[in-house]
Amino acid sequence: MLKFVTFAVKTQLNVHDLNNEAVAGNVTDIRIIEFLDEDGNHIEAPAVSGRMLKHWHYEGMRHLIINGAYSSIPLCAACKVGEPVRPGAINNNNLRQIAQPEGNAISGCAVCDIHGYLIAQGAEGEGRGTSNRRASRAMFSWLMPVLGYDTTQKQVIHTRVSQQESVAEGEGAAQMIFNKSYASGIYAFVSALDVDRIGLVELNLGNPNRYAIDDNERKNRIKVAIEAYRLMLSGQIGASLSHALPHQNPVEVLVAYSETGPLPFPVSPMYSDYLEKTIGLMPEGTQFLYWGSETPSGVTKKNTIDEIFKELLSKI
Ligand SMILES: [Zn+2]
């Protein structure tokens, strides 16, 4: 059975605003990061934080659970509505973070289980003597420009359309115009999913049951965590999906998986030789699935991205 999966993804994104994290006045500024090329030269370019990627993986799972074929999977009150105060419950009409034993948090919510949590000291509930921190089973790098390609960014002016027949000049009119930045580039990210530890109780002293949930529930959670990557590969990774869907064009996907134990993280596709290096890094017995235009040795080349997902899902 599947124990660990890594993803190394290269994709083109044209005219996206995935990294509009800073807002100053009526200008939404784009996030610029500094990094080095393979020769050690300084570069500045738009990039998207791993927090954003993790958030959109979570949104993908939430969407599939609430609206899809995984509706039997439980979510806590916080994860159901997309609030970051997990594990949460509604007390007196207020959504609050609730300290609770790890096993309860896991069995009550797939997102608390898979994405982890940090219970603040002031949280309500009976959390004493239990772990108040659960590490995420899904890990994400930043989305970074692939070295050797151009990146572009452009600020454009938008005008909000008013429903009123006439807008008074002055105060009202000033709020109608705002600036937004959009970026384009060929990007890379890596991610790892620690499948074996989904449902696992970390502080499980003397209990023969390693997992807080039964086998069927575990399998469903693993499936939904993997299917959420498919949504990410389709470009569902932005806050402006109603009016700025990224023009996404996947270039390469390399998946490594193991049925025996944890794997190292893959070398990032932002580097030109990531395929050989990743294959050379992984331990014996690792399975490689590849989609793209290269024909690397030691990997199973798939005709579609869907074939990669089908093989992963068949190992659960
Ligand atoms: Zn939750």
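The values are calculated or read from the model by the stated rules, or taken from the named source; none is laboratory data. From a predicted model like this one, the values you see are computed outputs, not experimental measurements. Note that we place each Cβ from the backbone using ideal geometry, even for glycine, and neighbour counts take in every protein chain shown. Note: areas computed on protein heavy atoms with side chains; ligands, DNA, RNA excluded. Shrake-Rupley method; radii C 1.70, N 1.55, O 1.52, S 1.80 Å.
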With respect to P101, is the statement that it is of a type outside the set (S, T, Y) and within 11 Å of the ligand (Cβ to nearest atom) true? no
Scanning for something touching a residue at least 40 places away in the same chain (Cβ under 8 Å), in a helix (DSSP H, G or I) and either open to solvent by 30 Å² or more (accessible area, probe 1.4 Å) or aromatic (F, W, Y) (or both), does segment 256-274 turn up at least one residue? yes
Out of segment 286-309, which residues are in a loop (DSSP other than H, G, I, E, B), out of contact with any Ser or Thr (no Cβ under 6 Å at 6 or more places or on another chain) and open to solvent by less than 70 Å² (accessible area, probe 1.4 Å)? G292, P296, G298, V299, K302, T304
Do we find that I66 is crowded, with 19+ Cβ neighbours inside 10 Å and at pLDDT 90 or above in this structure? no
Before we move on, is V9 modelled with pLDDT of 90 or more, open to solvent by less than 30 Å² (accessible area, probe 1.4 Å), within 24 Å of N216 (Cα to Cα) and not in a helix (DSSP H, G or I)? no
Would you confirm whether or not segment 211-231 contains a residue that is open to solvent by 40 Å² or more (accessible area, probe 1.4 Å), at pLDDT 95 or above and of a type in the set (V, I, T)? no
Checking the structure you have, find out if any residue of segment 112-127 is within 15 Å of the ligand (Cβ to nearest atom), loosely packed, with under 14 Cβ neighbours inside 10 Å, modelled with pLDDT of 90 or more and within 25 Å of the chain's Cα centre (by Cα). yes
Some residue of segment 29-51 being surrounded by fewer than 21 Cβ atoms within 10 Å (Cβ to Cβ), modelled with pLDDT of 90 or more, more than 15 Å from the ligand (Cβ to nearest atom) and within 29 Å of C112 (Cα to Cα): yes
Restricting the search to segment 228-242, which residues are in contact (Cβ under 8 Å) with a residue 12 or more places away in the chain and more than 18 Å from K315 (Cα to Cα)? L231, M232, L233, S234, G235, Q236, I237, G238, A239, S240
If you take the residues in segment 243-255 that are under 30 Å from T159 (Cβ atoms) and in contact (Cβ under 8 Å) with a residue 60 or more places away in the chain, which one is most open to solvent (accessible area, probe 1.4 Å)? H247
Enumerate the pairs (first residue in segment 43-63 and farther than 16 Å from L143 by Cα; second residue anywhere and hydroxyl-bearing (S, T, Y)) with beta-carbon separation below 8 Å, excluding pairs fewer than 6 apart on the same chain, so at least 6 apart or on different chains. G60/Y229
Unmet criterion (only one of (1) touching a strand residue (DSSP E or B) at 6+ places or on another chain (Cβ under 9 Å); (2) free of Cβ contacts under 8 Å to residues at least 24 places away in the same chain; (3) more than 16 Å from A8 (Cβ to Cβ)) for K302: (3)
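Test L313 against the criterion of being surrounded by 19 or more Cβ atoms within 10 Å (Cβ to Cβ) and either part of a helix (DSSP H, G or I) or within 21 Å of the chain's Cα centre (by Cα) (or both), and give yes or no.
Answer is no for this residue.
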